[in-house]
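Reading through the structure tokens given below for one structure.
Please treat every number below as a calculation from the coordinates, not as lab data. As the structure is a prediction and not an experimental result, all values here were calculated from the model. Glycine also receives a Cβ, built like all others from the backbone with ideal geometry; neighbour counts cover every protein chain displayed.
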Amino acid sequence: MMNENIKSWFETHKEEVANLKKTFWENPETAFTEYVAAETTREFLLNHGFTEVNAFDAEEKGGKPNTVIAKWGSGKPVIGLLGELDALPGLGQDAVPYYSPKEGPGHGCGHCLMATAGVTSAVALREAMEKENIPGTLVYIACPAEETLAGKAVLARDGYFDDLDIGLIWHPSGSDMDFSTGMVMSATTNILFEFQGKTAHGGTAWQGRSALDAAELMNVGVQYLREHVTDDCRMHYVYRDGGEAPNIVPEHASVYYFLRSREENNDDLVRRVKLIAEGAAMMTETKASYRVEAGCHSYHGSRVLSKYGYESAIKVPDIEYTEEEYDFAKTMYKNATGKEPPKDLDKLLPSKVLKGEHIDGYAGGSTDVGDLAMKCPTLQLSGFGTAMGLPGHHWTVVASAGTDIGLKAAVKAGMTLAQFAYDIFHNQKIIDEAWEEFHEDYKEPYVCKIPKY
Ligand SMILES: [Zn+2]
């Protein structure tokens, strides 16, 4: 049975939760500039009984707060609920079932729903803890910059997760809430390679040394490397700069790389790509330098928490969609894929909670939840928020998140996170089992991939 206090909190705050989601959705902000989202979160926490609320700039660059940490209660256990705040650049979109771009960023990964689910789960659970005198500490952490794979890594590096006994977070997706285990997400190191050459007139180019040539030779080297790495390794890059005009030898060029692989192969992949950069510099008589801008460890969810999480999740009422919401999803599906939407409505909008199974899988994507998971037993729930069978980081995610399809997902997830954390507060066994597994899974101490510059 779902806890009555948590359930009734969500029932009596329906409108407020809808407005909160609307504010997050209407104010998409990219990595480390989540100022409106952080302020909205801070206010919401203070208005709903939290007294210890700390809003700050996780980058410590003197900017406005982009991160919020709130605490309630005292002593053990310390259960952490988390949310993400950032949006994606260039994905502004109206809440309509067809492509209708708006200037600026958009919530193409649905973090506006995570921000809502996270903070509402915390305030609902806080109220239950107060009413029922539940001992222990509840921590809510609204995190910045997940999309650049930096926010939680920086928070982990700076010790903000050190006291947590358990970490729980939810991410929307166009699928049912599936408690399957075994999927491993890649570790990544994101490096900016810079080359410094010598400029000259294009007509007397022998006097110069082109930094752009070095960058191009580096990329050629990386193409040859691809055959000699294991299948999990992925190297994607974009040019950041490479000169201004063809008749001026470029003295500066830079390439930004994401180097992804399984955890155990990541350091070596980085080492090899750095060697290639140095080789390219040698060939062109330029200088290579590099700087890790972001990066995170591989993530896999706690199997123990998946098992217990499912038991908690099925206590929460199912999502029910209206006729209009199904129509919205059908139209959107058609417009996005050019195909007829699935006839089976269960394959169109996700509403189920699945126990799942253990699958040994490897996903090319990454999440900085991996860094949280190296600090304490962690589970990222996922599911709901958009139609099924459509791409992520896409206008359809922004559109869905702007409607009640997104709101229903956030409420369902908020209730589930609160209920699961509530159940953990009442069952020390879950924490003990999760830590036993944690010590098996993580034998090496945590080292953040991002240095403090
Ligand atoms: Zn995301």
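A few points about this structure:
- Residue within the range 58-70 that is more than 16 Å from the ligand (Cβ to nearest atom), in a loop (DSSP other than H, G, I, E, B), touching a helix residue (DSSP H, G or I) at 6+ places or on another chain (Cβ under 7 Å) and without any contact (Cβ under 8 Å) to a residue 60 or more places away in the chain present: yes
- If you go through the range 130-162 and keep only what is within 21 Å of the chain's Cα centre (by Cα) and assigned to a loop (DSSP other than H, G, I, E, B), you end up with Pro144, Ala145, Glu146, Glu147, Thr148, Leu149, Ala150, Asp158, Gly159, Tyr160, Phe161, Asp162.
- Members of the range 5-32 that are of a type outside the set (Phe, Trp, Tyr) and over 29 Å from Gly90 (Cα atoms): Asn5, Ile6, Lys7, Ser8, Glu11, Thr12, His13, Lys14, Glu15
- If you go through the range 152-170 and pick out every residue that is in contact with a helix residue (DSSP H, G or I) (Cβ under 9 Å, 6 or more places away or on another chain), farther than 25 Å from Gln428 by Cβ and not β-branched (Val, Ile, Thr), you end up with 4.
- Test result for Ser210, buried (at least 23 other Cβ atoms within 10 Å of the Cβ), within 16 Å of the ligand (Cβ to nearest atom) and under 29 Å from Arg291 (Cα atoms): no
- Residues located in the range 1-43, provided they are of a type outside the set (Ser, Thr, Tyr) and in a loop (DSSP other than H, G, I, E, B): Met1, Met2, Asn3, His13, Asn27, Pro28, Glu29, Ala31, Phe32, Glu34
- Pair list, Cβ < 6 Å and 6+ apart or interchain, from the range 402-421 residues that are surrounded by fewer than 24 Cβ atoms within 10 Å (Cβ to Cβ) to residues that are part of a helix (DSSP H, G or I): Gly402/Trp25; Leu407/Ala18; Leu407/Lys21
- Residues in the range 170-207 that are polar (S, T, N, Q) and within 17 Å of the chain's Cα centre (by Cα) were compared, and the one that is surrounded by the fewest Cβ atoms within 10 Å (Cβ to Cβ) is Ser175.
- Residue that is surrounded by the fewest Cβ atoms within 10 Å (Cβ to Cβ), among those in the range 249-305 that are of a type in the set (Gly, Ala, Ser) and over 27 Å from the mean Cα position of the chain (by Cα): Ser289
- Residue tally, condition within 16 Å of the ligand (Cβ to nearest atom), in a loop (DSSP other than H, G, I, E, B) and either of a type in the set (Gly, Ala, Ser) or out of contact with any Leu (no Cβ under 9 Å at 6 or more places or on another chain) (or both), over the range 72-129: 8
- Matching residues, the range 39-85, being in contact with a Ser or Thr (Cβ under 6 Å, 6 or more places away or on another chain) and within 15 Å of Met114 (Cβ to Cβ): Thr40, Val68, Leu81
- For the residues Thr189, Thr204, the requirement of being farther than 30 Å from Gly356 by Cα, part of a helix (DSSP H, G or I) and among the hydroxyl-bearing types (Ser, Thr, Tyr) singles out Thr204.
- Qualifying residue in the range 370-384 (condition: within 16 Å of the ligand (Cβ to nearest atom), in a loop (DSSP other than H, G, I, E, B), under 21 Å from the mean Cα position of the chain (by Cα) and buried (at least 17 other Cβ atoms within 10 Å of the Cβ)): no
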